[in-house]
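Asks: Pasting a structure here, questions to come.
Coordinate-derived values only; no laboratory data. Please read these numbers as outputs of a predicted model, since none were measured by experiment. For neighbour counting, all protein chains shown are included, and Cβ atoms are generated from backbone atoms with ideal geometry for every residue, glycine included.
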Amino acid sequence: MRRTFVAATRVATVVVSGLAFTAIIGAGVSHADTQDCSISHDAFGASATCQDANAPAGREYILITECWGFHFVPNRFPIPAVGPYTSSSRSFVPTGQASGNCGSSWGQPTSTLGVVTGAHVETYRQ
């Protein structure tokens, strides 16, 4: 189950000596309807707080942070790339909270540097 949340964001890109620098301007707050989660993000991080008291026992959520910037291609280390990628948090309970950023991902190399372009919560375990 994946829900995508959209926030108004403006992107500005400047190319200097062949290097691209991008700035994301704006912030957003989104709400998941069936998961009772509130998600907020700005250019530097994202957070989710969930209050799904009626979730079945054993259910867990995960916060997916959508990023744009420098990263290594998954399973192709050390191939660097500039563009979109995702970063995920550790799993959390339906009445818990999580945070994430674009500097690293749980279980992934920490050699990433980007800005947050969006965030959403997914069901990690039913």
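Asks: How many percent of all Cα-Cα pairs in segment 39-126 sit more than 20 Å apart? Don't jump to the answer; show the numbers that get you there.
Replies: Working: 1356 of 3828 pairs.
For segment 39-126, the share of Cα pairs beyond 20 Å comes to 35 percent.
Asks: Shifting gears a bit: Could you give the nm distance between label points at residue 72 and residue 93, where each point is 7 Å from its Cα heading toward the beta carbon?
Replies: Here the modelled spin labels are 3.5 nm apart.
Asks: If I model a spin label as a point 7 Å beyond the Cα along the Cα-Cβ vector, how far apart are those points for residue 79 and residue 54 in nm?
Replies: Rounded to a tenth, the inter-label distance reads 4.6 nm.
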